[in-house]
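K.L.:
Here it is, the structure in full.
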Amino acid sequence: MTTLFNAVELAPRDPILGLNEQYNADTRDTKVNLGVGVYYDDNGKIPLLKAVQEAERQRVQAHAARGYLPIEGIGNYNKGAQELLFGKDSAVITEGRALTFQALGGTGALKIGADFLKQLQPDATVHISDPSWENHRALFERAGFKVETYAYYDATTHGLNFDGFAASVKAMPEGSIVVLHACCHNPTGVDPTVEQWQQIATIIKERKLVPFLDIAYQGFGDGLQEDAAVVRLFADLGMSMFISSSFSKSFSLYGERVGALTVVTGSADEATRVLSQIKRVIRTNYSNPPTHGGMVVAQILNTPELFEQWENELAQMRDRIRDMRKQLTDKLNAAGVKQDFSFVMAQRGMFSYSGLTKEQVERLRNEHGIYAVNSGRICVAALNSRNIDSVVKAIAAVL
Ligand code: PLP
């Protein structure tokens, strides 16, 4: 029978979600999933933060009606997201140059930004880091852009290839869009220093490129304010830019799809016009964002006691990941592994590019039930006091 769908080809499986399916089907009770992009607590569970529980309790108690939200989302949510990025007294806020839209996670923010950029700069090429979060390429290609990579990671040092990075950015044609991880680079865990960022930002400004900062792990590096340094540095240089924020990890609200797109313009008048255009992009896409997750985050961001509680809980997540980095490094050393893993301590955020080869990752999976991404990326936030010894033993065995 000939149908509309005869010629449809099977799309490749998402590599990370595919790995999860394989992990779920594994019957070994010693299995460990380090392939995820999620923070687990020491009991191996996704936490429901106390600040979130309290905001939800208040929300349920209010028995609020569920009308439509404005196209751009909850005002207080957007204000809170902006203040996290720039600080309360920032000129871009007080001068009315920044616009924020509640978005369906960081992914939704990137997509709205990409669709608007396609309208603005239809022939521009998008440049992403080599390597980058696996959805960056697909998302910008889907929006109709050609996507290329810029030099970033140095596999020999497990660190940054700064000279390559700077040279790549210098070579980009004017008007190119450059996607940058503002902190806690995914997948490598390797971030430039502030001084290095200063140099990159200056080149971006000189070359008249369009920065699109992706900040999905604010608070997981050094702290909420510290991790916004790169965003503030770009804002201080007076550049027009796009920023996608994700609150999925920092509020542990993955399924609520909480994120924000922020656009920094040159004047309040420009902001008004850009607002009207991005509202059209949203209106013709999903019309307006959902209420629950946004209300919870807005409540926390705008209530000092809840904010403090959230910041403390975020610090606990950050500290636990750091402790796992240290234990992993120390225990591999103690296990007599010859390879130097001290670079794991210098990497930041939830991930580490471990340097494990594809063959070693396959052996970890087949022989030990330890799941990591083929690139060698491991989620340090999935390690805990109960699984770290078996993970170390398995890594030592495959090296
Ligand atoms: N950007 C980066 C760098 C990420 O790592 C992620 C999530 O893993 C996202 C964006 C998307 O975040 P969300 O789950 O909020 O859509």
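The values are calculated or read from the model by the stated rules, or taken from the named source; none is laboratory data. Only a predicted model underlies this, so the values are computations on that prediction, with no experimental measurement involved. Here Cβ is always computed from backbone atoms with ideal geometry, including for glycine, and neighbour counts include all displayed protein chains. The accessibility values were calculated without ligands, DNA or RNA, using every heavy atom of the protein model including side chains. Shrake-Rupley method; radii C 1.70, N 1.55, O 1.52, S 1.80 Å.
K.L.:
Regarding His127, is this residue in a strand (DSSP E or B), assigned by the TED database to the domain that holds Asn186 and within 16 Å of the ligand (Cβ to nearest atom)? Break it down stepwise before answering.
P.N.:
Numbers: in a strand (DSSP E or B): yes; assigned by the TED database to the domain that holds Asn186: yes; within 16 Å of the ligand (Cβ to nearest atom): yes.
Against the criterion (in a strand (DSSP E or B), assigned by the TED database to the domain that holds Asn186 and within 16 Å of the ligand (Cβ to nearest atom)), His127 qualifies.
K.L.:
Continuing with this model, one more query. Which ones in the stretch 48-101 are basic (Lys, Arg), open to solvent by 60 Å² or more (accessible area, probe 1.4 Å) and under 30 Å from Arg280 (Cα atoms)? First the steps, then the outcome.
P.N.:
If we filter the stretch 48-101 for residues that are basic (Lys, Arg), which is where we start, we get 50, 57, 59, 66, 79, 88, 97.
Next, only the ones that are open to solvent by 60 Å² or more (accessible area, probe 1.4 Å) stay: 50, 57, 66, 79, 88.
Selection gives Arg66, Lys79, Lys88.
K.L.:
Considering each residue of the stretch 280-297, count those that are part of a helix (DSSP H, G or I) and open to solvent by less than 10 Å² (accessible area, probe 1.4 Å), and give that number. Before the answer, list the steps.
P.N.:
Within the stretch 280-297, the first condition is being part of a helix (DSSP H, G or I), and the residues that meet it are 280-283, 292-297.
Remaining after also requiring open to solvent by less than 10 Å² (accessible area, probe 1.4 Å): 282, 293-294, 296-297.
Adding up the residues that qualify gives 5.
K.L.:
Let me ask another. Suppose we keep only residues that are among the basic types (Lys, Arg) and over 17 Å from Ser246 (Cα atoms) within the stretch 291-342. Which one would you say is modelled with the lowest pLDDT?
P.N.:
First, pick out the residues of the stretch 291-342 that are among the basic types (Lys, Arg): 318, 320, 322, 325-326, 331, 338.
With the extra rule that they be over 17 Å from Ser246 (Cα atoms), the set shrinks to 320, 322, 325-326, 331, 338.
On the way: Arg320: 98, Arg322: 97, Arg325: 96, Lys326: 96, Lys331: 96, Lys338: 89.
Step by step, filter the stretch 291-342, then rank; the result is Lys338.
K.L.:
Something else about it: Would you mind telling me which numbered condition in (1) under 20 Å from the mean Cα position of the chain (by Cα); (2) within 21 Å of Tyr153 (Cβ to Cβ); (3) open to solvent by 60 Å² or more (accessible area, probe 1.4 Å) Asp319 fails?
P.N.:
The one condition Asp319 does not meet is (2).
K.L.:
Being of a type in the set (S, T, N, Q) and either open to solvent by 10 Å² or more (accessible area, probe 1.4 Å) or without any contact (Cβ under 8 Å) to a residue 60 or more places away in the chain (or both) is the filter; apply it to the stretch 213-245 and report the residue that is farthest from Ala91 (Cα to Cα).
P.N.:
As a first pass, look at the stretch 213-245 and keep what is of a type in the set (S, T, N, Q): 218, 225, 240, 244-245.
Keeping just the survivors that are either open to solvent by 10 Å² or more (accessible area, probe 1.4 Å) or without any contact (Cβ under 8 Å) to a residue 60 or more places away in the chain (or both) gives 218, 225, 240.
On the way: Gln218: 21, Gln225: 16, Ser240: 13 Å.
Checking each candidate, the answer is Gln218.
K.L.:
Can you tell me which residue within the stretch 239-285, out of those that are away from the ligand (no atom under 16 Å from the Cβ) and acidic (Asp, Glu), is farthest from the chain's Cα centre (by Cα)?
P.N.:
Looking at the filtered set, the residue picked out is Asp269.
K.L.:
I'd like to know if the stretch 7-15 contains one or more residues that are in contact (Cβ under 8 Å) with a residue 40 or more places away in the chain and surrounded by 14 or more Cβ atoms within 10 Å (Cβ to Cβ).
P.N.:
No, the conditions are met nowhere in the stretch 7-15.
K.L.:
Do we find a residue being within 20 Å of Glu21 (Cβ to Cβ) and in the same structural domain as Asn33 (by the TED database) anywhere in the stretch 348-359? Show your work before the answer.
P.N.:
Here is the first cut: in the stretch 348-359, the ones within 20 Å of Glu21 (Cβ to Cβ) are 358.
If we keep only those that are in the same structural domain as Asn33 (by the TED database) too, we end up with 358.
Looking through the stretch 348-359, at least one residue is within 20 Å of Glu21 (Cβ to Cβ) and in the same structural domain as Asn33 (by the TED database).
K.L.:
Given the structure, is Ala334 over 30 Å from Leu69 (Cα atoms), surrounded by fewer than 20 Cβ atoms within 10 Å (Cβ to Cβ), without any contact (Cβ under 8 Å) to a residue 60 or more places away in the chain and not β-branched (Val, Ile, Thr)? Explain how you work it out, then say what you get.
P.N.:
Numbers: over 30 Å from Leu69 (Cα atoms): yes; surrounded by fewer than 20 Cβ atoms within 10 Å (Cβ to Cβ): yes; without any contact (Cβ under 8 Å) to a residue 60 or more places away in the chain: yes; not β-branched (Val, Ile, Thr): yes.
For Ala334, the condition - over 30 Å from Leu69 (Cα atoms), surrounded by fewer than 20 Cβ atoms within 10 Å (Cβ to Cβ), without any contact (Cβ under 8 Å) to a residue 60 or more places away in the chain and not β-branched (Val, Ile, Thr) - is met.
K.L.:
Working carefully through the options Ala151, Ala64, find the one that is under 21 Å from Val169 (Cα atoms), more than 16 Å from the ligand (Cβ to nearest atom) and either aliphatic (A, V, I, L, M) or at pLDDT below 95 (or both).
P.N.:
The match here is Ala151.
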